[in-house]
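The values are calculated or read from the model by the stated rules, or taken from the named source; none is laboratory data. In this text the structure is predicted, and so the values were computed from the model without any measurement. A quick note on method: Cβ atoms are made from the backbone with ideal geometry, for glycine too, and the neighbour counts reach across all protein chains shown. Only protein heavy atoms, including side chains, enter the accessible area calculation; ligands, DNA and RNA are left aside. Shrake-Rupley method; radii C 1.70, N 1.55, O 1.52, S 1.80 Å.
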Amino acid sequence: MNIDPTIADMMSSPIINAGWVALAGVAATRALVRRHSILKLIAQIAFFIALTGILLANGILPYDIDPGRGSAVETVVLALVKIVWWMNVAWALVAFVRLFLVLEHTPREARLIQDIVVGLIYLGTALSIVAFVFGVPVGTLLATSGIFAIILGLALQNTLSDAFSGVALNLGRPFVLGDWIKLSDGTEGRVVESNWRATHLLTSGNNIAVLPNGFLAKLGLTNVSHPNETHGIPLSLRIAPTKPPAAAIECMEMVLLSCNSIVRDPPPLVALRGLDAAAIEVDLLFRVSSLAYSISAKNELIDLVYRHTRSAGLTLASPASSPSLGGASSAIPDAPNSPARELLESVPFFAALSGEERQALADAGSSRIYRKDEIVARQGQTLGSLMFVQRGVLLLTRQGQHGEDEIMRLAPGDFFGEDALLPGTAEPGTMTAIASTVIFELDKKHLAPLFEERPDMAGDLAAILAQRFELGLRDAHSTRNRTHRRSVTEMLKSMETAFLATNGGP
């Protein structure tokens, strides 16, 4: 078989052979070992050494401009070989950077620095190919492209500002994914994504706010997730100066002590902000486990302020800006003469009773005082009476696998001893007075006739109990205490079973 001499010469040309080696090396390094980073780096280094040896053996310097020897085919192949050689240098350096340029405990910053270094490597490789393969003077090219660079920079001004601000934010780390941040313009939300261009916030309205990094870098930023997720909240109150400020402080300490939605460490504080003829100004300073619980905590505290001030004989003062009342008139009506009658007036499931019936219950009941740390009722005990917190705070705990679990705290208006109305039940936990506490007690013989005449009161009672213990369940969820949640869930199930049994099933 006769072969054209020209084709035979081309087949035996070292440049053509180098082209075959370059093609095989690219296929091996980019396809066969693509998913194995270390093997890929080793293959690229081996290929680089082999291709460099072939080029040097034939007097070809990859970093030298080719004078144009040989045929047109050889010239094109040689250019492609040199491009492959330069690209292999870039690929080897990039693989080395991805493997060994690591910042411990900061993967986000490490990835950013890797991207910057990789970009510089590819930029240098592109300029080298332009200069040593195509013979274009890079210096002159950069000088003559200055006007184009200025125009491009002006066109991309905002984009470049966002990109560089993104680099600064990623390196400075004022926040990480999952943090809740507040901006000086009022925007707030949880960081769900952060890239070179923008930062995405999930707002409290369940919307995604996309903030360009250039805009974000110009604003003041508060990270409420650090040093931990707890968030401090103030609540300002005005109390009529009918009693000494010490009485107001004691009452507000009871409010904080009985709240189930706030964090106990660090302990909440009561601070007197001012005193005049119109009002005692008080600030309640407390923390919640997460910003998401701030609204529910404030709602509970405001309700507790109302209940504790009534039980302590205090009244809330009108706003200072009220011109007609002068700031001294009470926002709460005067308390009835009988504290027991006032207490029963505030119990929701007694709302259907007439005034005479409530007065009869107030006369039939009795009050008992418990000192701090004194046990009022023990877990499993049957009381036989419905007991109301008239003043003070009770702590409900339940024996668990790892000791006593706090379930919830009871404030004025709350009650326990439902076994007096739900046969077959007992106290779900131990009640302990954590402050000097007054308990108003109603024997079941006074309550049974009322519940027989008004069956709907039993349903109201069960709804109130379920709501009360659901609060304990939510608080357990916020503190992520699995044992606590299990204790409250078991308590709810036992109450539900007893209520269904008492009322003839579902």
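For this structure, a couple of remarks:
- Checking every residue in the range 235-254 against the condition of being more than 30 Å from Met431 (Cα to Cα) and without any contact (Cβ under 8 Å) to a residue 24 or more places away in the chain gives at least one match.
- Highlighted here are the strands (runs of 3 or more DSSP E) found entirely within the range 357-429 that include at least 1 residues which are in contact with a Phe, Trp or Tyr (Cβ under 7 Å, 6 or more places away or on another chain) and surrounded by fewer than 20 Cβ atoms within 10 Å (Cβ to Cβ): 366-370.
- Those residues of the range 193-217 which are within 27 Å of Ile116 (Cβ to Cβ) and loosely packed, with under 14 Cβ neighbours inside 10 Å, in sequence order: Glu193, Asn195, Val210
- Qualifying residue in the range 232-240 (condition: part of a helix (DSSP H, G or I) and either closer than 28 Å to Ala411 by Cβ or modelled with pLDDT of 85 or more (or both)): no
- Filter result for the condition that a residue is among the small types (Gly, Ala, Ser), within 23 Å of Trp196 (Cβ to Cβ) and modelled with pLDDT of 75 or more, over Ala110, Ala126, Ala92: Ala126
- One residue stands out among those in the range 430-454 that are open to solvent by 10 Å² or more (accessible area, probe 1.4 Å), assigned to a helix (DSSP H, G or I) and touching a helix residue (DSSP H, G or I) at 6+ places or on another chain (Cβ under 7 Å): the one that is modelled with the lowest pLDDT, which is Phe451.
- Looking across the range 286-299, the residues that are surrounded by 20 or more Cβ atoms within 10 Å (Cβ to Cβ) and closer than 23 Å to Arg391 by Cβ come down to Phe286, Ala297.
- Any hit, the range 270-285, residues being modelled with pLDDT of 90 or more, open to solvent by less than 20 Å² (accessible area, probe 1.4 Å), touching a strand residue (DSSP E or B) at 6+ places or on another chain (Cβ under 8 Å) and assigned to a helix (DSSP H, G or I): no
- Scope the range 224-269; condition closer than 15 Å to Glu300 by Cα and either among the small types (Gly, Ala, Ser) or open to solvent by 70 Å² or more (accessible area, probe 1.4 Å) (or both); matching residues: Pro234, Ser236, Glu253, Ser258, Ser261
- Filtering Glu193, Glu229 for residues that are among the acidic types (Asp, Glu) and free of Cβ contacts under 8 Å to residues at least 40 places away in the same chain leaves a single hit, Glu193.
- Failed criterion for Ser385 (all others in (1) of a type in the set (S, T, N, Q); (2) over 39 Å from the mean Cα position of the chain (by Cα); (3) closer than 25 Å to Glu300 by Cα hold): (3)
- The set of residues from the range 314-352 being at pLDDT below 80 and among the acidic types (Asp, Glu) comprises just one member, Asp334.
- The number of residues in the range 368-407 being under 14 Å from Phe440 (Cα atoms) and of a type in the set (Ser, Thr, Tyr) comes to 2.
- Condition broken by Val176, with the remaining ones in (1) outside any strand (DSSP E or B); (2) open to solvent by 50 Å² or more (accessible area, probe 1.4 Å); (3) of a type in the set (Val, Ile, Thr) satisfied: (2)
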